[in-house]
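What follows is a single structure, written as structure tokens, with notes after it.
Rule-based calculations on the coordinates, nothing more; no lab input. On a predicted model such as this, the values are computed, not experimentally measured, just so you know. So basically every Cβ, Gly included, is an ideal-geometry build from the backbone, and we count neighbours across all protein chains shown.
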Amino acid sequence: MRIVIGMSGGVDSAVAALLLKQQGHDVVGVFMKNWEEKDEEGVCLAAEDYADVRRVADKIGIPYYSVNFSKLYKEKVFSYFLEEYKCGRTPNPDVLCNNEIKFKAFLELAHTAEAGALATGHYARSEKSADGVRLLRAADKGKDQTYFLAGLTQAQLRDAVFPVGGLLKHDVRNIAREHGLANAEKKDSTGICFIGERQFKSFLMQFLPAQPGDMVTVDGRFVSRHEGLMYYTLGQRKGLGIGGRNDGTGESWFVVGKDLAANRLIVQQGEHDELFSLSLDAKKINWIAGAPAGETFVCTAKFRYRQPDQRVEVRIEGDGAHVRFFEPQRAVTPGQWVVFYQDEVCLGGGPIDSVEPKKPIALLV
RNA sequence: UGGGGUGUAGCCAAGCGGUAAGGCACGGGACUUUGACUCCCGCAUUCGUAGGUUCAAAUCCUGCCACCCCAG
């Protein structure tokens with residue numbers, strides 16, 4: 001079978017390609033360039049990654065190509081990303097990137113190339129049956145990336161394969177080493193997918209100009225100034241620049257809210273009830289295998305990537321859900337995704353619209 | 001202008017004759033395909049300033065400077 005595989009230049013997708021090749025598939029590597037930016041010397045930032053794709057593909061013995069979805073990425077992912085920040089929320093661009101780019105535009109490209117499947121280096125497993133496809137957590141619980149795939153539909157998952165999903169990261173690196181892949185020791189990439197690690201505030205400043213305002217406590221006392229509400233997220237500590245105060249407790253300060261109407265950032269010293277929430281509402285949930293039976297049910301959920309599963313009670317409400325936590329949760333943030341799990345199965349998820357604070361902030365009521 | 005008080009890192013703050021705690025902030029790193037959180041490391045050869053006493057001074061003494069409070 002012909003399989004198109006998205007190759008990033010990293011070990012995971014390299015080993016994924018290798019495994020598929022070993023299984024006898026007609027593997028075609030494709031490097032996606034979705035962000036146009038050059039360094040100080042005018043060299044494309046993605047050039048080095050593409051060079052790794054070339055080295056690996058040659059070693060494995062598969063053809064490789066490059067496609068450029070920059071325009072689409074800007075239209076479908078980045079514009080949404082900026083809009084959300086403008087609204088005071090904290091979006092997760094990578095979930096959307098999977099929905100719109102990797103498993104949509106790229107999947108269409110695979111179909112055009114008459115491929116029977118699309119592969120990626122994601123740490124996730126899928127299980128096909130007569131009822132459809134189920135998305136399962138990766139074998140390596142520390143690397144599981146189903147959180148980012150929770151927005152995918154049956155149609156998208158049906159044609160997707162995740163060759164490294166059943167392996168441990170450690171084994172993936174070993175395989176890469178054994179086969180002399182050039183990127184075997186390459187550091188895992190982080191940061192926004194296709195954009196990479198950035199000084200986040202200054203990166204946003206390039207697109208969203210500063211809008212300074214006051215930083216105030218939950219009871220409205222002035223503390224400091226902020227540079228723009230969109231540069232901060234709930235629960236954030238770093239970057240507030242609030243030093244010692246003779247009326248303080250000596251603890252750190254955290255962002256607990258945003259007063260959009262008055263352009264005030266609400267901060268609090270220490271971690272208190274205002275930072276925690278009891279439930280959330282999500283207006284639009286993608287249930288991978290259809291909405292679970294019953295109006296309400298108990299499962300686990302994550303509110304951010306790499307968070308231990310939390311027990312929740314879900315009540316389906318139209319296309320969305322009301323999600324009650326068994327334990328109060330810290331800094332659940334609108335714009336981020338809530339993703340549901342039933343043991344190994346990723347049920348789906350959706351963007352968080354609002355939360356019910358453990359203790360409301362008077363200024364925002 | 002009298003009287004009192006205080007000056008220790010960017011901020012808060014210990015120290016009260018024996019060779020500069022701690023916290024916050026900040027910087028770096030780890031972790032991490034979002035943003036965060038978290039963790040680790042770093043961060044005053046010097047205590048407003050100029051002298052003096054002492055083996056030894058941020059600590060005691062004196063002058064000066066700055067700020068604060070109370071009088072007026």
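Please go through the stretch A:298-312 and pick out each residue that is assigned to a strand (DSSP E or B) and either crowded, with 16+ Cβ neighbours inside 10 Å or within 16 Å of RNA strand B (Cβ to nearest atom) (or both).
Within the stretch A:298-312, A:299, A:300, A:301, A:302, A:310, A:312 qualify.
For the stretch A:227-251, which residues satisfy the criterion of being within 18 Å of residue A:201 (Cβ to Cβ) and either within 6 Å of RNA strand B (Cβ to nearest atom) or over 23 Å from the mean Cα position of the chain (by Cα) (or both)?
A:227, A:228, A:233, A:234, A:235, A:236, A:237, A:238, A:239, A:240, A:241, A:242, listed by residue number.
Name the pairs: first residue in the stretch A:349-360 and surrounded by fewer than 16 Cβ atoms within 10 Å (Cβ to Cβ), second residue not in a strand (DSSP E or B), Cβ to Cβ under 8 Å, at least 6 apart or on different chains?
Hits for this filter: A:353/A:283; A:359/A:272; A:359/A:273; A:359/A:274; A:360/A:274.
Do we find a residue being part of a loop (DSSP other than H, G, I, E, B) and loosely packed, with under 15 Cβ neighbours inside 10 Å anywhere in the stretch A:170-181?
Yes: the stretch A:170-181 contains one or more residues that are part of a loop (DSSP other than H, G, I, E, B) and loosely packed, with under 15 Cβ neighbours inside 10 Å.
What is the one condition in (1) touching a strand residue (DSSP E or B) at 6+ places or on another chain (Cβ under 6 Å); (2) more than 22 Å from residue A:150 (Cα to Cα); (3) not in a helix (DSSP H, G or I) that residue A:35 does not satisfy?
(1)
Specify the residue that is surrounded by the most Cβ atoms within 10 Å (Cβ to Cβ); the eligible residues are those in the stretch A:326-344 that are more than 11 Å from RNA strand B (Cβ to nearest atom) and more than 19 Å from residue A:257 (Cα to Cα).
Among them, the one singled out is A:340.
So for the stretch A:353-362 (the condition being of a type in the set (Gly, Ala, Ser) and out of contact with any Asp or Glu (no Cβ under 7 Å at 6 or more places or on another chain)), does at least one residue qualify?
Within the stretch A:353-362, none of the residues are of a type in the set (Gly, Ala, Ser) and out of contact with any Asp or Glu (no Cβ under 7 Å at 6 or more places or on another chain).
State which residue is surrounded by the fewest Cβ atoms within 10 Å (Cβ to Cβ) when the search covers only the stretch A:96-117 and only residues that are over 30 Å from residue A:84 (Cα atoms) and either in contact (Cβ under 8 Å) with a residue 60 or more places away in the chain or not hydroxyl-bearing (Ser, Thr, Tyr) (or both).
A:114
A quick yes/no check of all residues on (1) away from RNA strand B (no atom under 12 Å from the Cβ); (2) within 17 Å of residue A:122 (Cβ to Cβ); (3) free of Cβ contacts under 8 Å to residues at least 24 places away in the same chain:
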residue	(1), (2), (3)
A:64	yes, no, no
A:79	yes, no, yes
A:86	yes, no, no
A:92	no, yes, no
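Please go through the stretch A:54-72 and pick out each residue that is of a type in the set (Ser, Thr, Tyr) and in a strand (DSSP E or B).
A:64, A:65, A:66
I'd like the full set of residues that are within 21 Å of residue A:271 (Cβ to Cβ) and in a loop (DSSP other than H, G, I, E, B), limited to the stretch A:199-236.
The answer is A:217, A:218, A:219, A:220, A:221, A:232, A:233, A:234, A:235, A:236.
One residue is enough: does the stretch A:187-201 have a residue meeting the conditions away from RNA strand B (no atom under 13 Å from the Cβ) and either touching a helix residue (DSSP H, G or I) at 6+ places or on another chain (Cβ under 7 Å) or touching a residue at least 12 places away in the same chain (Cβ under 8 Å) (or both)?
No, the conditions are met nowhere in the stretch A:187-201.
May I ask you to verify whether residue A:51 is outside any loop (DSSP other than H, G, I, E, B), on the phi < 0 side of the Ramachandran plot and surrounded by 17 or more Cβ atoms within 10 Å (Cβ to Cβ)?
no
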